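Student: So that we are looking at the same thing, I have put the structure below in C-alpha cells.
Please treat every number below as a calculation from the coordinates, not as lab data. As the structure is a prediction and not an experimental result, all values here were calculated from the model. Glycine also receives a Cβ, built like all others from the backbone with ideal geometry; neighbour counts cover every protein chain displayed.
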Amino acid sequence: MKLIVATVQDQDSDYVVNKLTERGYRVTQVGSTGGFLRQGNTTLLVGVEDAHTDAVISLLATSSQRRMRYMPMATGTTPNGMTLYNYVEVEVGGATIFVLDVEHFEQI
Ligand code: 2BA
C-alpha cells in the first residue's frame with residue numbers, strides 16, 4: 001500500500017477531491033501553507049493499493065493546473081522611508097507529489 005501526499009492549489013482542491021472520490025478513492029484534505037509564498041494551499045492524503053498509484057498520479061496531473069502567482073519583493077526605500085516593492089512572477093504547480101510506502105494500515 002502507498003500513501004500519496006499531494007499539495008495542490010486551493011482553487012483546484014474541490015475539483016481534485018471530487019474526481020478522486022467519484023473514482024472510489026479515499027482522501028483526506030488538509031489545509032496547508034507553502035513555505036515560499038506563505039499562501040494557503042491544500043495537502044491531500046490518499047491511501048491506495050500499489051496498483052492504483054499511477055492512476056491517482058495521472059488523475060492529479062489532469063485535474064490540477066499550473067498558474068502564475070505574483071509575490072511582492074522589497075526593492076528599496078524612498079527618501080521619506082516608504083518601502084518600494086516589485087512583483088516577482090512565480091509559477092506554481094500543478095501538484096507536488098510524494099509517494100510513501102505504508103508499513104501498516106488498519107482502521108479500528
Ligand atoms: P510554496 O513553498 O509557497 O512555493 C510556491 C512556488 O514558489 C513553487 O511552486 C515554486 O515555483 C516557487 N518556489 C518555491 N521555493 C522556491 C525557492 N526557494 N526559490 C524560488 N522559487 C521557489 P511548486 O514547486 O509548484 O510548489 C507548490 C507548493 O508545493 C509549495 O508552495 C509547497 O507548499 C509545496 N512543495 C513544493 N515542493 C515541496 C517539497 N520539496 N517539500 C514540501 N512541500 C513542497
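Student: Using only Cα atoms, find the angle between the long axis of helix 10-22 and the longest principal axis of the chain, and express it within 0 to 90 degrees, rounded to the nearest 10.
Tutor: 10 degrees
Student: Quick one: if the Förster radius is 30 Å, what FRET efficiency do Tyr70 and Tyr15 give, using the C-beta to C-beta distance and rounding to 0.05?
Tutor: Efficiency at R0 = 30 Å is approximately 0.85.
Student: How large is the helix-only mean residue ellipticity at 222 nm for the chain, computed as the sum of -39500 (n - 2.57) over DSSP H runs with n ≥ 4, divided by its residue count, in deg cm²/dmol to the nearest 500?
Tutor: My calculation for the chain gives -7000 deg cm²/dmol from helical runs alone.
Student: OK, next. Across segment 53-69, in residue order, what do the Karplus-derived ³J(HN,Hα) couplings come to in whole Hz, using 6.51 cos²θ - 1.76 cosθ + 1.60 with θ = phi - 60° and x for Gly and Pro?
Tutor: 4, 5, 5, 5, 5, 6, 5, 4, 5, 7, 10, 10, 10, 7, 9, 8, 10
Student: Using Cα springs under 10 Å in a Gaussian network model of the chain, which residue among Gly24, Gly40, Gly81 shows the largest mean-square fluctuation?
Tutor: Evaluated over the chain, the most mobile residue of the options is Gly81.
Student: Separate question: Taking amide hydrogens as modeled 1.01 Å from N in the peptide plane, which residues meet the under 5 Å criterion relative to Ser32, leaving out close sequence neighbours?
Tutor: Asn41, Thr42, Thr43
Student: Choose one answer from Ala95, Ala55, Ala74: the residue with the largest mean-square fluctuation in a GNM of the chain with alpha-carbon springs under 10 Å.
Tutor: Among Ala95, Ala55, Ala74, the largest GNM mean-square fluctuation belongs to Ala74.
Student: With a Förster radius of 41 Å, plug the Cβ-Cβ distance of Asp54 and Val88 into 1/(1 + (r/R0)^6) and report the FRET value to the nearest 0.05. It would help to have the intermediate numbers written out before the result.
Tutor: Numbers: r = 35 Å, r/R0 = 0.85.
E between Asp54 and Val88, to the nearest 0.05, is 0.70.
Student: Same structure, new question: Within segment 1-60, report the trypsin sites (Lys or Arg not before Pro) that DSSP leaves as loop and that have at most 15 other Cβ atoms within 10 Å.
Tutor: Within segment 1-60, the qualifying trypsin sites (Lys or Arg not before Pro) (loop, at most 15 other Cβ atoms within 10 Å) are Arg23, Arg26, Arg38.
Student: Residue-wise, which Karplus ³J(HN,Hα) couplings in Hz belong to segment 87-101, taking 6.51 cos²θ - 1.76 cosθ + 1.60, θ = phi - 60°, and x for glycine or proline?
Tutor: Result, ordered by residue: 9, 9, 7, 10, 8, 10, x, x, 9, 9, 10, 10, 10, 10, 6 Hz.
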